[in-house]
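Written below as structure tokens is the structure these notes are about.
Values quoted throughout were computed directly from the atomic coordinates according to the rules given, and no laboratory measurement underlies them. Computed from a predicted structure; not experimentally measured. Here Cβ is always computed from backbone atoms with ideal geometry, including for glycine, and neighbour counts include all displayed protein chains.
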Amino acid sequence: MFGENYGAVLDFYKREVSLTPGLTIEEFCLDENRSTKEKYRVNGAIMASQVRLIDQDGNAVGVVSIREAISRAREVGLDLVEIAAQAVPPVCKIIDYGKLKYELQKKKMETKKKQKIIEVKEVKLTPSIGSHDYQVKLTSIRRFISEGNKVKVTLRFRGREIAHKEVGERLLNRLVEDVKEIAKCEGMQQQEGKQIILTLCHQALK
């Protein structure tokens, strides 16, 4: 978008403005995370009387009046965007502002779609769980973990089972051993009343 002068223009911006690492110049001027002082201005919102102009082909036009810069942008059906407000005079670029903002928003949405959302699944156990039910729970836990989710294991003591808490602790230790090839404990076991809570996550997670 800045043509063959892109390298020289970028060097100028790096001297005059603190660019966010990894952002292109276009992305910098439309970055929604920038502070209020760094917010971009477009067309008539640009307050400087003179600007250093870069045309739509990336060519450095030089210092011109704001009126001439806006006029040049309108002549080619584009917008004048202030992309380096801290420079003296400010640097402005003639671009299709609406199209650029749309493309960056689209790119942002595509990036979000690719991001994996980690869910926390819950599996409930009791100290007296049978062998078959245990295997069913174990299969579910392995599936949840393999899908990239975390698993909250809740071991609930009923009635007088709490008097033999060691039985429940052995069950949890067995569970951790049975899934150790793909999962690990996240933090320590926590006891809340008549239940012990354990969180498992994938081995790859830090």
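When you count the other C-beta atoms within 10 angstrom of each residue and take the mean per peptide, 41-48, 188-195, 146-153 line up highest first as 146-153, 41-48, 188-195.
Report the extension gain between Met188 and Gln86 in nm, rounded to one decimal, defined as 0.36 nm multiplied by the number of residues separating them, less their alpha carbon distance. Extending this stretch completely gives an extra 31.7 nm.
Sum up the charges of everything whose Cβ sits under 15 Å from the Cβ of His164, counting Lys and Arg as +1 and Asp and Glu as -1, but leave His164 out.
Result for the neighbourhood of His164: +3.
A cut-off of 5 Å between modelled amide H atoms, ignoring neighbours fewer than 5 places along the same chain, links Gln191 with Ile197. I'd like the Kirkwood hydrodynamic radius of the range 120-202, using the inverse of the mean 1/r over distinct C-alpha pairs, in Å. Computed over the range 120-202, the radius equals 12.7 Å.
The value of relative contact order for the range 120-202, using C-alpha pairs under 8 Å at least six residues apart, is 36 percent.
Counting every other Cβ atom within 10 Å of each residue's Cβ, Cys201, Cys92, Cys185 order from fewest to most as Cys185, Cys201, Cys92.
Rounded to the nearest 0.05, what FRET efficiency do Gln115 and Asp178 have when you use their Cβ-Cβ distance and R0 = 30 Å?
For Gln115 and Asp178, the calculated efficiency is 0.50.
For the range 79-94, 3J(HN,Hα) computed residue by residue from phi via the Karplus equation (6.51, -1.76, 1.60; θ = phi - 60°) reads 10, 9, 10, 7, 10, 9, 5, 7, 6, 10, x, x, 9, 10, 10, 8 Hz, glycine and proline entered as x.
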